[in-house]
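Peer 1: Quick one: structure below, then a few questions.
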Amino acid sequence: MMTLGELLSLLGIVIALLLLNFKLGLITMSVLPVLTLIMVVWQPFARKAFMWVRRAISIVNGSLNENITGVRVVQSMNRQERNLMLFDEKNVDHRDANLWASKLSSGLLPAVDILTAVAIGFALFFGARMIAGNDLALGTLIAFVLYIQRFFDPIRNLTMQYTQLQRSMASGTRIFDMLDWKPDLVDAKDAKPIGSVKGDIEMKNVSFSYVPGEDVIKDISFQIKPGEVVAVVGPTGAGKTTLVSLLSRFYDVEDGRGAILVDGHDIRAVTRNSLASQMSMVLQEPFLFSGSVRENIKYNHTNATDEQMMNAAKAVDAHDFIERLDEGYDTFLAERGINLSVGQRQLISFARAIVADPRILILDEATANIDSYTEMMIQRALLKLLKGRTAIVIAHRLSTIRGADKIIVMNLGEVTEVGNHDELIAMDGLYATLYHMNYAAIEESLPVSGNGQSSDGAAST
Ligand SMILES: Nc1ncnc2c1ncn2[C@@H]1O[C@H](COP(=O)(O)OP(=O)(O)OP(=O)(O)O)[C@@H](O)[C@H]1O
Ligand SMILES: [Mg+2]
């Protein structure tokens, strides 16, 4: 609106100038091309500077966020000084960016002011000569000079608005870059809802890579019957989380690189929503949201009754400890649930998975060490959680592994062994090694066979 107003008054003044004296009017306006030229040269510099400011501030914000969320690590590693220094560098860059951008934006106005003076100078010089030649009345010249000053007012304002526009466009570009981001995973055009499933899962020659050419899942095939509990074990980085991420369709298997079938339906041919409603996934790191315990358990089923919610909590033995919290189910959980212990968070995330009463349950057992009491609670919770469902558990606990109908052993993206505990021990392969290393009362950690990762990694069974 303002720009439109400025443009209109500019137009009026131009007409007035030209009507007062056409020749003098043109002479005055001869400075305009110079101004345009200045703007054309200025624009790319300003744009770059404004982009730099936006980038710098997002780096500052990112670093701030990381250091605040990771404050415990920062303190325990005694990295305050160094991080402060690194933060300072980012801040300085942000300041420099702002200074440069400010210089550029404020540099335009003096240019306009100089041109105003030049235009008035022109008018006086040529006007005086015209007066001398009796071509112009003195009064007209005075009116003319006053008009010139009015003429540059809208130009000044337009210039400021133009600067602001450039600034906004720098932000806009970044925002639109993000809004225009295409999701990797979109439902096929003719995708249908999968409906309620029995829980039969089949993987057929599935290969997958995050980075083209580097397969982290290599030609994996297996079948899981409804109601079966399957444990997936293997050293760290073997591809276990990736495998279940494919099943939950966080990533799609590319065409020609195998297929995943649930109840005989290729999961790429069904809608992701309908598939997700048949499965629950408990992630390796339990993530709770700021809000009450109630909100966290009912998370994706806001219309679940309180009774369903409590049943879910009871099923995983979380009810008692929740009741003991200050305000029971209404206790407010801070961001990521940090006011609960890791084990408690885990139990709540189990309850959250059960409220949905899914046919298929995927569980990426946490590797975090927890006290043996919570450990026992989690064991018990797990038994109830898995009962009667098709379950894939990336297992790190012996009890879960032993309770499984089938154990799939993975290493370096491949399934190396399949069977139950006794069969696999008899096979004396990777499973037997991992088992002996972690559970057969050998205290000191041995080097990991296979992928050369830390011994901590082998403990992921
Ligand atoms: N988002 C990702 N982008 C690129 N590579 C990834 C990504 N996630 C995992 N990888 C790689 O894929 C491989 C398998 O990782 P994955 O998380 O499936 O291992 P895992 O078996 O679950 O290990 P852990 O027992 O430690 O949880 C690893 O080599 C890892 O570097
Ligand atoms: Mg994992």
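Peer 1: Which one of the conditions (1) among the aliphatic types (A, V, I, L, M); (2) more than 19 Å from Asp357 (Cα to Cα); (3) over 27 Å from the mean Cα position of the chain (by Cα) does Ala313 fail to meet, given that it meets all the rest?
Peer 2: So the condition that Ala313 fails would be (2).
Peer 1: Hand me the list of helices (runs of 4 or more DSSP H) wholly inside the range 308-388 holding 2 or more residues that are more than 15 Å from Ser292 (Cα to Cα).
Peer 2: Working: elements: 319-324, 342-355, 372-386.
Output list reads 342-355, 372-386.
Peer 1: Of all residues in the range 276-309 being among the β-branched types (Val, Ile, Thr) and under 20 Å from Phe321 (Cβ atoms), which is farthest from ligand 2 (Cβ to nearest atom)?
Peer 2: Val293
Peer 1: Name the residues in the range 412-426 that are in a strand (DSSP E or B), within 16 Å of Asn205 (Cα to Cα) and not aliphatic (A, V, I, L, M), would you?
Peer 2: Hits for the range 412-426 are Glu414, Thr416, Glu417.
Peer 1: So, one more: Given Phe332, Phe350, Phe321, which one is surrounded by fewer than 14 Cβ atoms within 10 Å (Cβ to Cβ), in the same structural domain as Val229 (by TED's automatic domain parsing) and of a type in the set (Phe, Trp, Tyr)?
Peer 2: Going through Phe332, Phe350, Phe321 in turn, the sole match is Phe332.
Peer 1: Going residue by residue through the range 182-191, is there one that turns out to be within 13 Å of ligand 1 (Cβ to nearest atom), of a type in the set (Val, Ile, Thr) and either farther than 24 Å from Gly429 by Cα or touching a strand residue (DSSP E or B) at 6+ places or on another chain (Cβ under 8 Å) (or both)?
Peer 2: Checked the range 182-191: no residue is within 13 Å of ligand 1 (Cβ to nearest atom), of a type in the set (Val, Ile, Thr) and either farther than 24 Å from Gly429 by Cα or touching a strand residue (DSSP E or B) at 6+ places or on another chain (Cβ under 8 Å) (or both).
Peer 1: May I pose another question? Return the residues of the range 318-344 that are on the phi > 0 side of the Ramachandran plot and modelled with pLDDT of 90 or more; say none if nothing qualifies.
Peer 2: Residue satisfying the conditions is Gly328 alone.
Peer 1: Going through the range 184-240 one residue at a time, which ones are crowded, with 16+ Cβ neighbours inside 10 Å, in a loop (DSSP other than H, G, I, E, B) and either more than 30 Å from the chain's Cα centre (by Cα) or not assigned by TED's automatic domain parsing to the domain that holds Lys406 (or both)?
Peer 2: Passing the criteria: Asp187, Ala191, Ile194, Val197, Gly199, Asp200, Gly227, Glu228.
Peer 1: Another one. All but one of (1) away from ligand 1 (no atom under 16 Å from the Cβ); (2) farther than 18 Å from Leu385 by Cα hold for Glu228; state the number of the condition that does not hold.
Peer 2: Going through the list (1) away from ligand 1 (no atom under 16 Å from the Cβ); (2) farther than 18 Å from Leu385 by Cα, Glu228 breaks only (2).
Peer 1: I'd like the full set of residues that are surrounded by 22 or more Cβ atoms within 10 Å (Cβ to Cβ) and within 16 Å of ligand 1 (Cβ to nearest atom), limited to the range 372-406.
Peer 2: The answer is Ile392, Val393, Ile394, Ala395, Thr400, Ile401.
Peer 1: Right, another one. Tell me which residues, restricted to the range 243-261, are within 16 Å of ligand 2 (Cβ to nearest atom) and farther than 22 Å from Arg389 by Cβ.
Peer 2: Here is the first cut: in the range 243-261, the ones within 16 Å of ligand 2 (Cβ to nearest atom) are 243-248, 250-251.
Correct list: Tyr251 only.
Peer 1: Mind listing whichever residues of the range 241-266 are touching a residue at least 24 places away in the same chain (Cβ under 8 Å) and assigned to a strand (DSSP E or B)?
Peer 2: Narrowing the range 241-266 to residues touching a residue at least 24 places away in the same chain (Cβ under 8 Å): 241-244, 246-254, 257-265.
Residues satisfying the conditions are Ala259, Ile260, Leu261, Val262, His265.
The values are calculated or read from the model by the stated rules, or taken from the named source; none is laboratory data. On a predicted model such as this, the values are computed, not experimentally measured, just so you know. Methodologically, a virtual Cβ is constructed for each residue, glycine included, from the backbone with ideal geometry; neighbour enumeration extends over all protein chains shown.
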